[in-house]
1. Looking at the structure I just gave you, is LYS34 closer than 23 Å to VAL153 by Cβ and either surrounded by fewer than 18 Cβ atoms within 10 Å (Cβ to Cβ) or of a type in the set (Asp, Glu) (or both)?
2. Scan segment 36-59 and report the pairs whose first residue is under 15 Å from LYS26 (Cβ atoms) and whose second residue is hydroxyl-bearing (Ser, Thr, Tyr), with Cβ atoms within less than 7 Å and a gap of 6+ or a chain change.
3. Select, from GLY114, GLY110, the only residue that is out of contact with any Pro (no Cβ under 8 Å at 6 or more places or on another chain), closer than 23 Å to ILE165 by Cα and either among the charged types (D, E, K, R) or at pLDDT below 95 (or both).
4. Pairs please, first residue from segment 174-190 and farther than 20 Å from GLY160 by Cβ, second anywhere and hydroxyl-bearing (Ser, Thr, Tyr) and not in a helix (DSSP H, G or I), Cβ atoms under 6 Å, 6+ apart in sequence or on different chains.
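The values are calculated or read from the model by the stated rules, or taken from the named source; none is laboratory data. Just so you know, these numbers come straight off a predicted model, no measurement behind them. Heads up, the Cβs are rebuilt from the backbone with ideal geometry, glycines too, and the neighbour counts pull from every protein chain shown.
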Amino acid sequence: MSKPLNPKLMQLKDLQTSRVRLLSQKNANQSYLKELKNINDKATQKVLEQAYKTAIEGLEKSIKSVEKLIKKLISDQDSLQKSYDLLLSIPGIGNVTAIYLIVCTNNFAGNISGKQLASYAGVAPFGNSSGTSIKKPEKVHKMANKEPAGDPVKKILYMGAMSVIHCNPEMKHYYSRKMLEGKHALSIINAVKNKLVLRAVAVIKSQTPHVDNFVKSDQILKNAA
């Protein structure tokens, strides 16, 4: 018999879903607000702009309230707080990504492997790829998220990957090295996302924070001289 879900984890899922929906509504209103500039009647435009600005402010307030509840829920649960802190030790994984990973894995229940989570998130290494070409990606694991709107975890990991490529010396060096080898940019970014997922599982399994031991090859040669 499978272990029942932690009620607090179920609450966290509901809160995270609500945050995503509120954020989607906010983005939709912001997009339409920009389109209002094309309205010929300036008086109508002014009224509508104010209405949408008020709606956006309300949504922002609601998002902050939900985020506050999420933060409190995590801090009140030792197991969730532990996982959250461990994930935050990984460069490229911020608070939003950490929460998504906790939610989509039921706080890493079932001894999930890095490969399984990478497949679920859709960031497993591309198959049939070489050099500058990417042909056909490998099939994802049977546990892969099949949401009609697409997997938000993959999108969030993309943002984390882009951030770490620009700010983290190891990933910046990795990206540059792979580009010089002629690898496709998308393939490299996907590999970085995959690394983030594998590291996420690693810190949870070891229950120890990530340690950055990166030293560039030229630094190694200089130290050896």
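1. no
2. Short answer, once both residue conditions are applied: TYR52/TYR32.
3. Details: GLY110 fails: closer than 23 Å to ILE165 by Cα.
That would be GLY114, the only listed residue that is out of contact with any Pro (no Cβ under 8 Å at 6 or more places or on another chain), closer than 23 Å to ILE165 by Cα and either among the charged types (D, E, K, R) or at pLDDT below 95 (or both).
4. Taking only residues 6 or more apart or on different chains, the pairs are GLY182/THR132.
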